[in-house]
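To start, the structure under review is shown below, and the notes come after it.
The values are calculated or read from the model by the stated rules, or taken from the named source; none is laboratory data. Source: prediction; values computed, not measured.
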Amino acid sequence: MTSIQVKNVPEEVRDELAAAAKRAGHSLQAYLLGVLEREARFARNLEILAQTPAPGANVSLDDILAAVREARGVSDSDFPSQG
């Protein structure tokens with residue numbers, strides 16, 4: 001494993017992190033390692049999401065409206081004309 005050193009951390013920030021670590025029942029070192037691990041996982045997840053097409057990305061608004069109307073048991077004739 002490698003080490004990371006963070007300089008110039010304001011005392012208030014250090015105190016808040018230490019208090020959060022204590023509430024979680026961890027040392028400050030263990031707590032900060034957990035924060036870094038979660039941040040790294042989050043960054044990887046964002047990369048994966050950016051490469052994954054959104055579900056239904058090729059669905060038009062008309063397709064969505066038709067599906068909603070079908071699910072509700074109504075037809076286009078139940079709505080006034082928009083044109």
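A few points about this structure:
- Taken over segment 29-63, the criterion of being at pLDDT below 90 and of a type in the set (Gly, Ala, Ser) is satisfied by ALA40, ALA43, ALA50, ALA54, GLY56, ALA57, SER60.
- Residue match in segment 36-58 (condition: in a helix (DSSP H, G or I) and more than 26 Å from the chain's Cα centre (by Cα)): no
- Which numbered condition HIS26 misses (of (1) modelled with pLDDT of 95 or more; (2) within 27 Å of the chain's Cα centre (by Cα); (3) assigned to a helix (DSSP H, G or I)): (3)
- Within this structure, ILE4 fails the test of being at pLDDT below 90 and β-branched (Val, Ile, Thr).
- Note on segment 15-46: residues that are within 15 Å of ILE4 (Cα to Cα) and polar (S, T, N, Q) amount to 1.
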